[in-house]
Amino acid sequence: MLFEIFADSGCDIPVEMMKELNIHPVYFYVSFDGETYKKEKLEVNTTAYYKKMIDENAFPKTSLPSVQDYVDAFTPVLEEGKGIICICMSGKLSGSHQAAKTARDILLETYPKAHIKVIESKMCTVDEGLFVLEAVRMRDAGLSYKEAVEHLKRILPTGRICFTVGNLEHLKRGGRIGKVAFIAGSALGIKPLIVMKDGEIFSGGIARNKAKALKKLLEIARDYFEKAGENPNNYRFCVGMNIDREEGETLARQVKDTFWLSEDVPVWQIGATVATHTGPYALGFGFVKKYDA
């Protein structure tokens with residue numbers, strides 16, 4: 001069965017790449033005033049969004065794709081008789097996957113023989129994006145719908161994100177860290193080390209500045225590969241940056257050198273939805289195992 005790949009915009013795959021690879025995006029919404037919500041990337045320039053957060057010390061809000069957004073996105077593909085694999089952000093961070101599941105249930109009443117698989121990736125931003133790209137590789141390699149779903153389930157637990165942020169204020173406002181951790185971090189002026197795995201955010205320690213934070217994050221990732229007995233070249237990596245592309249490209253070179261990767265590490269801009277919760281100075285990298293490695 002032929003199938004199409006959908007992903008919520010929290011995957012942060014660049015818009016042009018989504019078009020080139022025939023990935024169907026379903027967009028999150030963002031707002032600065034809490035009243036007017038616009039689709040990230042499509043109706044909101046991400047760099048301008050970052051600058052407004054910085055210049056005005058603004059704390060915007062986000063809204064997940066609606067059930068109707070998913071119904072509208074899925075319907076044309078179902079009418080063509082194709083299957084759907086839809087990959088969504090971690091349910092611990094968003095209800096996007098639940099909206100997609102509700103849309104699936106509604107559509108199955110009209111298309112009872114349809115194949116619609118909604119996968120909660122337990123990831124977000126570049127990590128989720130890499131997971132989506134693995135689905136693309138499966139589709140383009142001619143794997144069946146069933147084979148692709150099984151491979152995605154198998155590699156899902158291998159995803160990780162290691163990142164740091166400018167401060168903890170946005171994570172605190174979004175309920176992502178405890179109050180005690182926020183107070184301690186603010187008082188010390190430290191850079192938190194954050195690791196996301198299995199859909200949840202965990203502390204990876206602290207560092208006195210961004211350079212030391214990134215060095216420690218690389219050490220955390222290296223320790224993961226050593227303990228798991230895994231070859232980093234069997235994984236895909238990607239750096240997520242804010243508005244400082246040079247900073248992101250420097251980290252990408254460090255990632256490549258640290259793990260002796262044979263491929264260059266791409267650099268993607270973290271989208272407005274994720275930036276709303278991490279703040280405008282987040283920087284880090286994610287990785288996911290290749291399905292055929």
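The values are calculated or read from the model by the stated rules, or taken from the named source; none is laboratory data. Note that the structure is a prediction, hence the values are computed from the model and not measured. Backbone-built Cβ (ideal geometry, glycine too); neighbour counts: all protein chains shown. For the accessible areas, the whole protein counts, side chains as well, though only heavy atoms, and no ligand, DNA or RNA atoms are used. Shrake-Rupley method; radii C 1.70, N 1.55, O 1.52, S 1.80 Å.
Within segment 33-42, is there a residue that is open to solvent by 50 Å² or more (accessible area, probe 1.4 Å), more than 17 Å from residue 94 (Cβ to Cβ), of a type outside the set (Ser, Thr, Tyr) and assigned to a helix (DSSP H, G or I)?
No, there is no match, as no residue in segment 33-42 is open to solvent by 50 Å² or more (accessible area, probe 1.4 Å), more than 17 Å from residue 94 (Cβ to Cβ), of a type outside the set (Ser, Thr, Tyr) and assigned to a helix (DSSP H, G or I).
Anything in segment 69-97 that is assigned to a helix (DSSP H, G or I) and closer than 17 Å to residue 40 by Cα? List them, or say none.
Within segment 69-97, 69, 70, 73, 96 meet the criteria.
Find all pairs meeting these conditions: Cβ atoms under 6 angstrom apart; at least six residues apart or on different chains; first residue within segment 92-116 and farther than 16 Å from residue 73 by Cβ; second residue modelled with pLDDT under 95 and surrounded by fewer than 17 Cβ atoms within 10 Å (Cβ to Cβ).
So the pair list comes out as 92/200.
Could you grab me the full set of residues in segment 98-132 that are crowded, with 23+ Cβ neighbours inside 10 Å and assigned to a helix (DSSP H, G or I)?
If the condition is that a residue be crowded, with 23+ Cβ neighbours inside 10 Å and assigned to a helix (DSSP H, G or I), then 100, 103, 125, 126, 127, 128, 129, 130, 131, 132 are the ones that fit.
Which ones in segment 219-260 are without any contact (Cβ under 8 Å) to a residue 60 or more places away in the chain and touching a Cys at 6+ places or on another chain (Cβ under 8 Å)?
Matches in segment 219-260: 220 only.
Are any of the residues in segment 17-30 of a type in the set (A, V, I, L, M, F, W, C), at pLDDT 95 or above and open to solvent by 30 Å² or more (accessible area, probe 1.4 Å)?
yes
Checking the structure you have, find out if any residue of segment 43-64 is modelled with pLDDT of 95 or more, part of a loop (DSSP other than H, G, I, E, B) and open to solvent by less than 30 Å² (accessible area, probe 1.4 Å).
no
Okay, residues lined up against (1) at pLDDT 95 or above; (2) open to solvent by 50 Å² or more (accessible area, probe 1.4 Å); (3) under 27 Å from residue 60 (Cα atoms); (4) of a type in the set (Phe, Trp, Tyr):
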{"residue": "226", "(1), (2), (3), (4)": "yes, yes, no, no"}
{"residue": "232", "(1), (2), (3), (4)": "yes, no, no, no"}
{"residue": "237", "(1), (2), (3), (4)": "yes, no, no, yes"}
{"residue": "251", "(1), (2), (3), (4)": "yes, no, no, no"}
{"residue": "257", "(1), (2), (3), (4)": "yes, yes, no, no"}
{"residue": "270", "(1), (2), (3), (4)": "yes, no, yes, no"}
{"residue": "278", "(1), (2), (3), (4)": "no, no, yes, no"}
{"residue": "281", "(1), (2), (3), (4)": "no, yes, yes, yes"}
{"residue": "293", "(1), (2), (3), (4)": "no, yes, no, no"}
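Please tell me if residue 59 is touching a residue at least 40 places away in the same chain (Cβ under 8 Å), in contact with a helix residue (DSSP H, G or I) (Cβ under 9 Å, 6 or more places away or on another chain) and of a type outside the set (Ser, Thr, Tyr).
When the stated conditions are applied, residue 59 passes them.
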